[in-house]
1. Is it the case, given these coordinates, that residue A:75 is touching a Pro at 6+ places or on another chain (Cβ under 6 Å) and polar (S, T, N, Q)?
2. Only residues that are closer than 17 Å to residue B:151 by Cβ and without any contact (Cβ under 8 Å) to a residue 12 or more places away in the chain: list them for region B:53-90, please.
3. Among all residue pairs at least 6 apart or on different chains, which show Cβ distances below 6 Å where the first residue, located in region B:135-149, is facing chain A (nearest Cβ under 7 Å) and the second is among the basic types (Lys, Arg)?
4. Any residue in region A:185-203 that is more than 14 Å from chain B (Cβ to nearest Cβ) sitting within a Cβ distance under 7 Å of a residue that is of a type in the set (Phe, Trp, Tyr)? List the pairs, counting only those 6 or more apart or interchain.
5. Does residue A:94 meet the test of being more than 8 Å from DNA strand D (Cβ to nearest atom), crowded, with 21+ Cβ neighbours inside 10 Å and either over 30 Å from residue B:206 (Cα atoms) or more than 9 Å from every other protein chain (Cβ to nearest Cβ) (or both)?
6. Anything in region A:168-190 that is more than 20 Å from residue A:135 (Cα to Cα) and either touching a Pro at 6+ places or on another chain (Cβ under 7 Å) or part of a loop (DSSP other than H, G, I, E, B) (or both)? List them, or say none.
7. Would you confirm, using the coordinates I've provided, whether residue B:58 is surrounded by fewer than 21 Cβ atoms within 10 Å (Cβ to Cβ) and away from DNA strand D (no atom under 16 Å from the Cβ)?
8. Counting only residues that are in a helix (DSSP H, G or I) and among the small types (Gly, Ala, Ser), which one in region B:134-167 is surrounded by the fewest Cβ atoms within 10 Å (Cβ to Cβ)?
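Bear in mind that the values in this text are calculations on the coordinates, not laboratory data. Note that the coordinates shown come from a computational prediction; the quantities given were computed from them, not determined experimentally. Glycine gets a Cβ as well: all are built from the backbone with ideal geometry, and neighbour counts include every protein chain shown.
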2 protein chains.
Amino acid sequence: MLTQPDAIAKRIASGLGRLALALKAKSWKGAADEGITPTQGEVLARLADAPSNTRLSELAHQLGVSAPTASDAVSTLVAKALVEKRSGDDKRSVTLKLTKEGKRLATRAAGWTDFLAGAAETLSDNEREDFLASLIKIIRALQESGDISTQRMCVTCEHFRPHAHKDSVNPHHCAFIDSAFGASSLRLNCADQSEMDFARREEKWRKFVSC
Amino acid sequence: MLTQPDAIAKRIASGLGRLALALKAKSWKGAADEGITPTQGEVLARLADAPSNTRLSELAHQLGVSAPTASDAVSTLVAKALVEKRSGDDKRSVTLKLTKEGKRLATRAAGWTDFLAGAAETLSDNEREDFLASLIKIIRALQESGDISTQRMCVTCEHFRPHAHKDSVNPHHCAFIDSAFGASSLRLNCADQSEMDFARREEKWRKFVSC
DNA sequence: AAAATCATTTAGGAGTGCTAACAAAACAAA
DNA sequence: TTTGTTTTGTTAGCACTCCTAAATGATTTT
């Protein structure tokens, strides 16, 4: 045997760490081309994805940074006329909106992970599908353990009906758009996603993985 | 069908991006506990892993940052007595070594990705093995496309003999330690790794994936 | 109405990351 | 040898990230 083979899970963690390092490096280059920084790009991406006006505190939570850091980044973007601040119903709070130019830039900047998609293309169709499924499982596990902010995923969505159909290609069902779909269509950022409480998430998850 | 289902590869890229964001957030907490910053932690990790004395330029390349940034981080670590600088044969260059305290800290800080390993544990044994294999393929693709710095992986190593044995559990062979091993033992950071030129890498890779 | 709480900002400090400009050593050519 | 070029790393200057602690209003609780 090889000397001290780490457990597979450890090696996965290390590999993902390497990937994250590469992503971090790339995010600087990608964002610099658009005249912004990685954090600013992330803010734009989140606001572009967001279903409605987003609060500053919510944004900070999604980014995994402190409120002051988020406040800073937003201020910079406001100065660059990419984001607008408005006070919400609660006069203490601030809600954020992309400006026209902000939307344009968010769209262009969204492609900065494309080089990763290229690498994923080197997998076979089956491998790719399995990899995405496992990736979703890992992200869900991190979400449940509180290590990642809540994602708008099918597998934790109110409208998700796992294995609702006999069809082995499209076994799942989305009650929101009322149509069947398969594992390869599972989403990570659905605008129509709706949260459930812990118990219902657990139950739905068990049903999802049990087949 | 769901509205505008992205291609699977795109969703993988997006998922990995989410993961990278979580990693970035965690790296601050993890490193802060040790009294350092993420970049400094990364420097310690690389030096601990490195087979021999590492040059500053090499380190900068591995980290995917500019020379001044690496120089700064190293200076801070030298001030904290975690790293030592020595001039190499070439009097212009600097080689880096961990101090005793630096080694201790590097070991402790290496565990900051453990929460990811925990998430990976939620996969089944088969899923986990397949996931690691695909992850390695993705990392290799990024390495060949120049999007990630060279990793010391089995699959690009001089000593790697893919499918050298009939044994389906341990089909591969490492010529350095002269023993058979399987897909689940493929390494990402082997100290004994030895580079090959492009043509030989390609040939070996073809042999590896073809079975 | 006073006190506690909440959302956000300000202040201050260490660090990250860049490019540009600079030294010093090593190399190459004349 | 002398001159010019390349390589290795540092310094300088700037914008931004990230933190904690403290401050500022607005809202809720007592």
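1. Here the answer is no, as residue A:75 does not meet what is asked.
2. Correct list: B:58, B:60.
3. Close Cβ pairs satisfying both conditions: none exist.
4. Listed by first residue and then by second, the contacts come to nothing, as the list is empty.
5. no
6. Passing the criteria: A:168, A:175, A:176, A:177, A:178.
7. The answer is no for residue B:58.
8. Out of the qualifying residues, it is B:141.
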